[in-house]
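Bear in mind that the values in this text are calculations on the coordinates, not laboratory data. Computed from a prediction, not measured in an experiment: that's the story for all the values here. Cβ: placed from backbone, ideal geometry, glycine included. Neighbour counts: every protein chain shown.
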Amino acid sequence: MLKIQSISKHFGGVKALNELDLEVEEGEIYGVIGPNGSGKSTLVNVICGIFLPTEGDVIFEGQILSENPTHQRLKKGIARTFQNIRLFPNLTVWQNLWVARNSVEDIKTESSFYRWFGKSSIVKKEIEKMLEFSNLGNRADELASSLAFGEQRRLELARALATKPRLLLLDEPAAGMNKDEIRDLDGRIRSMQLQGITIILIEHVMELVMGVTDRIAVLNFGSKIAEGNPQEIQNNDAVQEAYLGYSEDD
Amino acid sequence: MDFYLNLINTIGIHTMLGLSAYLLLQTGQLSLAQAGFFAVGSYTAAILTVIFQWNIIPSVLVAMLVSGFLAFLVGFPALRVKGLMLVVATIAFSEFVRMFFYNLKWRVTRNGEEIGPDGTMGFAEIRYFSDNGWSNFEVTLFLWSFVILIMGVIWWSDQSRTGAVLRAVGEDELAASSVGINLTVVKVSAMTAGGFIAGISGGLYAHQVTSLDHHSFTVLLGTFAIAYPILGGLSNVFGTLVAVIFIQGLLVEGLRFLGDWRMILFGLLIVLAMNFKPLGLFDKQTMDLIKKAIRV
């Protein structure tokens with residue numbers, strides 16, 4: 001579904017990504033881990049079109065996405081969440097979802113005037129479903145900035161879902177969460193997979209990554225040093241060396 | 001009576017000027033170019049009624065289109081700069097426009113009288129209303145019908161998804177583009193709409209004051225244009241109207257006995273508002289209070 005073809009991204013002399021190759025299959029949960037500064041967030045930004053790669057191509061469903069800006073990639077089905085939550089703080093919870101829902105394809109069965117004012121029953125129903133998914137049903141009219149941290153994370157996830165993505169990039173969604181919240185997030189990620197959404201999970205919290213992903217790629221200094229299922233990654237020498245500075249065999 | 005009608009006219013024109021910056025501020029663009037678009041609107045409409053002897057309605061509409069088109073052109077380079085740099089760039093534009101009219105000489109002779117813009121001397125023969133026998137009251141009515149129309153359109157935009165999208169861009173551009181909003185389209189449209197509105201208000205202003213002088217279109221006017229919506233808040237159009245009434249009615253006219261000292265109050269007011277009501281006098285909190293008061 002998504003193919004990263006020898007992507008390099010340089011910031012001046014810093015090689016954030018160095019001839020990276022990845023391939024994500026449709027319907028899987030693909031984990032990306034690596035030490036700080038290994039290029040994980042740069043990878044998300046390159047896939048979303050916030051950065052253009054220095055070299056290489058991002059190929060999504062057979063199409064090369066070199067020149068497409070972020071909003072066009074969203075319409076092709078690539079959505080994301082941010083490492084440091086980025087909501088629209090002075091819009092209400094409902095408006096946050098409404099803006100996201102409305103920027104994708106239109107529903108032709110109802111009059112556009114109706115939809116323009118958010119009165120469309122189809123859109124309303126969809127947004128209510130999103131509110132339910134994120135457990136924010138009774139807070140629809142509150143400003144996003146008045147939500148607690150965990151609720152903001154859930155709203156951001158719901159906002160990404162409201163754009164009806166086929167590929168969802170989660171950039172450290174568990175950062176700052178406690179164990180209960182991580183378990184809750186684990187369930188949400190699995191339920192999104194069941195809805196047919198392919199997920200790329202970038203995460204430091206190993207408990208989450210090892211439990212939920214089908215395959216994992218490990219980055220270090222912008223290159224892939226290992227790939228495989230969680231079991232294989234846990235026993236991989238190169239990975240242990242990257243994280244701990246030595247491998248157990250030394 | 002004429003004093004009050006003139007004050008009401010001034011309030012109407014400044015409300016439109018403030019609303020021309022309102023949409024832009026919603027998208028997070030701080031533009032001081034509104035004085036420039038306003039000047040273009042005034043001179044365009046005045047040249048059409050005076051030199052070409054057009055009716056006032058098509059003149060104002062053409063003024064609107066010219067200012068809007070100019071704003072559209074300014075919108076593209078403005079995409080590349082943000083914050084203070086956008087302020088500097090738009091000040092430069094507005095001074096460029098002012099200097100253009102400072103140098104514009106286009107005198108024609110009609111019935112033995114020379115008329116038209118006269119460079120540094122200004123443009124003094126804009127007598128459409130008196131030539132056509134409009135009473136002061138009719139002028140006020142005419143002018144306010146535009147104010148109400150514009151307020152209505154923006155009120156509608158605020159309730160619709162247009163308003164939500166404009167605000168989303170103003171809140172966080174990266175997040176907005178990540179949920180599929182085309183930043184270029186939104187920002188340039190807001191700039192163009194602002195140009196349309198400033199053009200209308202300029203065109204009406206020229207005929208209300210009957211003479212134009214480049215001194216009226218300085219950065220101070222551009223500052224007023226953004227001060228109204230900032231003070232009034234960006235949650236609805238009435239905030240801007242109340243801010244204009246407050247500043248033009250109370251500060252500028254009501255406190256005239258203080259002379260130029262009253263401008264200090266203007267500065268003080270902005271500082272106080274930024275500290276106590278950073279989202280404007282009519283933010284969500286105030287609106288909730290008003291709604292409650294109405295229901296009780």
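What to note about this one:
- Cross-link partners of residue A:224 among lysines (Cα-Cα below 23 Å; sequence separation of 8 or more within a chain): A:3, A:9, A:15, A:40
- Loop-exposed GluC sites (Glu not before Pro) per DSSP, neighbour cap 15 Cβ within 10 angstrom, longest uninterrupted part of chain A: A:143-247
- DSSP-defined antiparallel bridges as percent of all bridges, the protein assembly as shown, nearest 5: 60
- Rg and Dmax of region B:126-221, both derived from C-alpha coordinates alone, stand at 18.1, 57 Å.
- Rounded Å value of the spacing that divides the Cα centres of region B:1-45 and region B:212-273: 11
- Positive-end residue of B:1, B:45, B:87, charge dipole of the protein assembly as shown with Cβ unit charges: B:1
- Hull shadow area, averaged, region B:154-287 [alpha-carbon convex hull, nm²]: 9.9
- Average projected area [Cα convex hull, region B:1-71], square nanometres: 5.6
- Note on A:204, B:215: ascending count of other Cβ atoms within 10 Å places them as B:215, A:204, the fewest first.
- Using a Förster distance of 35 Å, the FRET efficiency for residue A:128-residue A:231 (Cβ separation, nearest 0.05): 0.30
- Rounded D (µm²/s) - chain B, Kirkwood Rh over Cα pairs, Stokes-Einstein at 4 °C, 1.567 mPa s: 66
- Annotation: for a label point projected 7 angstrom from Cα along Cα→Cβ of residue A:142, residues of region A:54-90 with backbone N closer than 19 Å are A:85-90.
- Computed lengthening from residue B:275 to residue B:2, 0.36 nm per intervening residue step minus Cα-Cα distance: 94.5 nm
- As a proxy for reagent exposure, B:209, A:239, B:108 were ordered by neighbouring Cβ count within 10 angstrom, fewest first; the result is B:108, B:209, A:239.
- Footprinting exposure proxy for B:274, A:1 (fewest neighbouring C-beta atoms within 10 Å first): B:274, A:1
- Projected-area mean, region B:229-296, by convex hull of Cα positions, square nanometres: 4.9
- Kirkwood radius and radius of gyration were both taken over the C-alpha atoms of the protein assembly as shown, and their ratio Rg/Rh is 1.08.
- P(r) tail fraction, chain A - alpha-carbon pairs more than 22 Å apart, %: 56
- Scattering profile of region B:94-141 at q = 0.16, 0.22, 0.23 Å⁻¹ [log10 I(q)/I(0), Debye over alpha-carbon scatterers]: -0.62, -0.82, -0.83
- Rg to Rh, two decimals, where region A:183-223 supplies the alpha carbon set and Rh follows Kirkwood: 1.00
- Peptide B:158-166 shows a mean partner chain C-beta count of 4 within 10 Å per residue C-beta.
- Mean residue ellipticity (222 nm) of chain B, computed from DSSP H runs ≥ 4 via -39,500 (n - 2.57), nearest 500: -23000 deg cm²/dmol
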